[in-house]
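A short write-up of the structure that comes next.
Only the coordinates and a few stated rules stand behind these numbers; no lab work does. Source: prediction; values computed, not measured. Cβ: placed from backbone, ideal geometry, glycine included. Neighbour counts: every protein chain shown.
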Amino acid sequence: MNRLLFFSTARSPRQSIPIILTAFFCSALMHIGVSWIDGIHTSLSQSTQILYGKTRIIAQDFRKREELYPIASNITPLLEYPTLTPKITFLGQLESSKIENRPVLGLPISYVKQRIISLGTLKGSLPQQDRDVLLGASIAKKLSVSVQDSLIINTQTQDMSPSAQRYTVSGIIKTQNTFFDQVAYISINDAQWMTDIEGATEFITDDNITTIEPIAEKWSTENDYSLHVHTWQEKEPYASIRSITDTINLGLLLFILACSTLTIFNLSLINVRRVQHELGILRSMGASKTNIAFSYVFTNFLLVFLGMTAGLLTAQIMLKTILTHGFPLGESLSQASYTLPMAEQIYPRTSLQGAVMVITLILISGLLGSVIPCVHALRKDPMKTIKDNLI
């Protein structure tokens, strides 16, 4: 009898294919969407941490000819705090007037060795002394310079005075990050000399502000220099990029929820009248509701599982292909001369947690989509159901 029930509740190709295809497309799209969400957040947080660190100090903005030239600073010898990385970031013009202002980072050589050099491959060497510069591969190509060539960096100091210095290219670094490939790296002493920055005006942090404020107040008191504490969400370009990613993530999440809802309703509505008719016949033959429900739900659940497995495998293959190319985020911001650019090449990031979430949603959707029509059909009188379907 149980074997008869199983074959009686088995779906025909006409009924099975829509169920399998629904599970296939929903699971594939959901897996790709979750991987992109995870990849966007991971790439953005890594880029932000490498570029700015947990906390930085940013100097006041200055205007010249109605264009904003942000000069960011994280340098003050008098401030001692373990999570701070001494850093000066400013926009400078490298050698040619045809090249737009690009970011110049003044960093301790030890920081470059630990964080920047690990991003890619280095040709030449790191800056070993003052007046050496390390170039990203993209900007080096635009300038048509190579190792041991000389170039001039032009910028302005806090009092709007021009500042220029000739540097020797000690090395060229090629990374997988759009931003870092178009940056010039010099020693922090050179950066301080070029910008004439001795202090700072703002703390920008994603740490707990309450822990940073006492340090800022202490430093302000000791140095007679006003400091203000803000969060990353209040500053550009972080705020704009984070807004973009949040919008993308919200859209993907809504899309994922829509896919799950579609799965439930689609599986619930497929051949409802046929299900009622078939289950009514089985009940009229003496089969119990429990055996009928188990056999029907198991059959549909198996079809959903097959479609989901095929969808996840297809999505994984597609993600492996996309992983070699990535997706540029923040390209327009990176080309702007009015803000410190931060562009990121985003790659999807597959994870066990994401796959488990997709599998759970699909299986729950498939289970509900099987149970709902089954319960609805079994609640009706079998003879009346058969009669209604024959009319």
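Length gain on complete extension for the stretch Val356 to His41, per 0.36 nm per residue less the alpha carbon to alpha carbon distance?
On the way: separation 315, 0.36 × 315 = 113.40 nm, distance 1.87 nm.
Once the chain is fully extended between Val356 and His41, it gains 111.5 nm.
Cα-Cα over 24 Å: which of Lys113/Lys141; Lys113/Lys320; Lys141/Lys320? Could you put the intermediate results ahead of the total?
On the way: Lys113/Lys141 22 Å; Lys113/Lys320 30 Å; Lys141/Lys320 29 Å.
Over 24 Å apart, Cα to Cα: Lys113/Lys320; Lys141/Lys320.
Between the amide H of Phe179 and those of Ala343, Gln345, distances stay under 5 Å, these residues lying 5 or more places away or on another chain, with hydrogens modeled in the peptide plane. Close amide-amide hydrogen proximity is noted between Val229 and Phe203, each under 5 Å apart and 5 or more residues distant or on a separate chain (H modeled in the peptide plane; Pro and chain starts excluded). The simple spin-label model puts a point 7 Å past each Cα toward its Cβ; for Leu21 and Arg379 those points are separated by 3.1 nm. Fewest neighbouring Cβ atoms within 10 Å first, the residues Lys174, Lys113 line up as Lys113, Lys174.
Residue order for Cys26, Cys374, fewest other beta carbons within 10 angstrom first, comes to Cys374, Cys26. Distance between the modelled labels on Thr157 and Ser243, one decimal in nanometres: 3.6 nm (7 Å Cα→Cβ projection). Residue separation of Leu262 and Ile109 scaled by 0.36 nm, minus their Cα-Cα distance, works out to 49.6 nm of gained length.
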